[in-house]
Amino acid sequence: MRESIIPADRALDFAPARDRLMDRLARRALLARLNLIEDGILEIVDGDELLYIIARSRLGNGGLNGNVVGTQMSNLGLEVALRDLGVGFERVKVGDRYILERLIDEGWTLGGESSGHIICRDRTTTGDGIVSALQVLAEINRRGEPLSVLRAGMRKYPQVLVNVPLGDVA
């Protein structure tokens, strides 16, 4: 269950939200206040969008080493947006362990899941919400633009996830 920590009467560019796991950024954790003065709408920024922001930031400062790694569930919009930047994107099975494995095998530094587990291997060895949030904060500060502008370069494509019942597989 997501709980916003943004006071209703405060104007913030973004704020982390809390959940029981406290380790996932994105879907359950980074909330952007878009057009606050006009409409006060809160938009959830998912891990794919955060990964895009971090990748673009690192590309601009020379800190992106190799391709970005996502999962089979990563939104196609992330892949297209990275390709438009000239950045390669590789998909692996779902799970940050598979992302980390590919990053290590290839010597790359950045990967993550739509859920918000983002691995910045040059900063930490696991998906860390605080490290990811700090990377996004640094980019907001460096560019002087709100989160809504930083994420605008990635258009999310419609996506449907379907669970397929397998019956008795034991």
Does at least one position in the stretch 147-157 carry a residue that is surrounded by 12 or more Cβ atoms within 10 Å (Cβ to Cβ), polar (S, T, N, Q) and closer than 13 Å to GLY47 by Cα? no
Go through the residues of the stretch 86-97 one by one and say whether even a single one is at pLDDT 95 or above, open to solvent by less than 60 Å² (accessible area, probe 1.4 Å), part of a helix (DSSP H, G or I) and of a type in the set (Val, Ile, Thr). no
I need the full set of residues from the stretch 60-85 which are within 16 Å of ARG123 (Cα to Cα) and either in contact (Cβ under 8 Å) with a residue 60 or more places away in the chain or surrounded by fewer than 19 Cβ atoms within 10 Å (Cβ to Cβ) (or both), in order please. ASN61, GLY62, GLY63, ASN65, GLY66
Could you check, for the stretch 122-138, whether at least one of its residues is modelled with pLDDT of 95 or more, open to solvent by less than 40 Å² (accessible area, probe 1.4 Å), outside any loop (DSSP other than H, G, I, E, B) and at negative phi? no
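The values are calculated or read from the model by the stated rules, or taken from the named source; none is laboratory data. These numbers come from a predicted model, not from an experiment. Here the Cβ is made from the backbone with ideal geometry for all residues, glycine too, and neighbour counts use every protein chain on show. Remember, those area values only see protein heavy atoms, side chains included, never the ligands or the DNA or RNA. Shrake-Rupley method; radii C 1.70, N 1.55, O 1.52, S 1.80 Å.
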